[in-house]
Amino acid sequence: MSAEQSTAAAGAFEHLLQERYSCRAFLPRQVDTATIMRMLQIARRTPSWCNSQPWQAVITRGAGTERFRNAICEHAAGRKPEPDFAFPREYRGVYLERRRECGFQLYESVGIARGDREASARQTMENYRLFGAPHAMIVTTDEALGVYGVLDCGAWVNNFMLAARSLGIASIAQAALGAHPKFLRSYFSLPADRLVVCGMSFGYEDAAQPVNRFRTSRAAVDGMVTWMDQ
């Protein structure tokens with residue numbers, strides 16, 4: 001690859017990363033199967049531990065999405081999460097600050113006042129309504145692969161979202177959709193050894209909705225790297 005080609009490729013990749021965001025309002029328009037297949041074809045080049053490629057996905061479309069949306073909403077209402085992989089024990093320091101910043105931006109965009117727990121609970125349920133998306137995805141890994149399978153699936157999820165963005169498709173990765181794995185294994189007839197990593201909603205973004213207009217910040221490079229010269 002020439003220097004000019006490298007510069008162009010890096011620029012295109014950076015632009016793609018900047019364009020991707022967590023979409024929380026979708027149009028009802030379906031994504032055609034050929035486009036979804038293209039996204040899957042691109043993401044399958046994701047590297048994995050010993051080339052194990054542990055990711056498997058269930059993708060809903062059409063009436064299948066509506067049935068799942070209704071079923072997961074009914075199941076999740078009033079139930080506590082019981083994920084296969086424990087949620088963070090605690091957010092502290094800068095991680096808590098970043099989480100709060102994101103939450104405040106989200107609530108401000110949808111007009112939820114700080115401390116309004118009823119409104120925030122309704123917004124949480126939007127996860128299970130798939131934010132109105134025409135497609136849902138459930139991503140699983142083989143239980144025997146442990147943390148390495150989860151890491152590989154995380155890389156695949158990221159690449160799928162970037163592939164989607166490159167084709168004009170919006171998405172949001174969702175821990176909430178993976179918070180009820182027993183229900184998901186039963187609903188989708190998944191084997192017991194398939195552990196749920198996360199879910200995702202995707203489709204065409206509703207750009208008119210304020211919830212899709214805020215963007216989260218990113219830490220400076222100097223805050224994440226330690227250089228060792230000797």
Problem - Simple label model, 7 Å out from Cα along Cβ direction - ARG129 to ALA12, nm - result: 3.8
Practice task
Rounded, prolate or oblate: pick one for the chain, where a ≥ b ≥ c are the square roots of the eigenvalues of its C-alpha gyration tensor, a/c under 1.5 means rounded, and failing that, prolate if a/b is larger than b/c, else oblate.
Solution key: rounded
Completion exercise
region 114-230: relative contact order from alpha carbon pairs under 8 Å, six or more residues apart, as a whole percent, is 32
Fill in the blank from the handout: Long-range amide H partners of ARG44, meaning residues 5 or more apart or on another chain whose placed amide H is closer than 5 Å, are none
Problem - 3J(HN,Hα) from dihedral phi, region 159-173, Karplus parametrisation 6.51/-1.76/1.60, rounded to Hz, x for glycine, proline - result: 5, 5, 5, 5, 4, 4, 4, 5, 9, x, 9, 8, 7, 8, 6
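Based on the alpha carbons, how large is the Rg to Rh ratio for region 94-230 when Rh follows Kirkwood?
On the way: Rg = 17.5 Å, Rh = 17.4 Å.
Here Rg/Rh amounts to 1.01.
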Practice task
Would you tally the net charge around ASP152, using a Cβ to Cβ cut-off of less than 15 Å, leaving ASP152 out, and scoring K and R as +1, D and E as -1?
Solution key: +1
Problem - Length-normalised contact order of the chain in % [C-alpha pairs under 8 Å, at least 6 apart] - result: 36
Practice task
Give me CYS50, CYS73 ranked fewest to most by other Cβ atoms within 10 Å of their Cβ, as a rough exposure proxy.
Solution key: CYS50, CYS73
Practice task
Please list the non-local residues whose amide H lies under 5 Å from the amide H of CYS23, H modeled 1.01 Å from N, same-chain partners needing a gap of 5 or more.
Solution key: SER171, ILE172
Handout entry: Dipole of region 132-230 [Lys/Arg +1, Asp/Glu -1 at C-beta], most positive-end residue of PRO191, TRP156, ALA175
Key = ALA175
Problem - For a label point 7 Å along the Cα-to-beta-carbon line of ARG67, residues of region 160-198 with backbone N under 18 Å - result: 183-191
Fill in the blank from the handout: Those trypsin sites (Lys or Arg not before Pro) from region 177-230 that are DSSP loop and have at most 14 other Cβ neighbours within 10 Å turn out to be ARG213, ARG215, ARG218
Handout entry: Residue-by-residue Karplus 3J(HN,Hα) for region 75-92, coefficients 6.51, -1.76, 1.60, Hz, glycine and proline x
Key = 5, 6, 4, x, 9, 7, x, 9, x, 5, 10, 4, 5, x, 5, 7, 9, 9
Practice task
Using the Karplus curve 6.51 cos²θ - 1.76 cosθ + 1.60 with θ = phi - 60°, work out ³J(HN,Hα) for each residue of region 213-222 in order, rounded to whole Hz, and write x for Gly and Pro.
Solution key: 9, 8, 10, 6, 7, 10, 5, 5, 4, 4
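Test of understanding: what is the full-extension gain from TYR187 to MET224, defined as 0.36 nm times their sequence separation minus their Cα-Cα distance?
Here the segment from TYR187 to MET224 would lengthen by 9.2 nm.
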Handout entry: Electrostatic dipole magnitude of the chain [Cβ: Lys, Arg +1; Asp, Glu -1; Cα centre; debye, to 20]
Key = 560
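Since every read-out is calculated from the coordinates, none of them should be taken as a lab result. The shown structure was predicted, so the numbers you read here are calculated from the model rather than taken from an experiment. In this analysis, Cβ positions are derived from the backbone assuming ideal geometry, glycine residues included, and neighbour counts consider all displayed protein chains.
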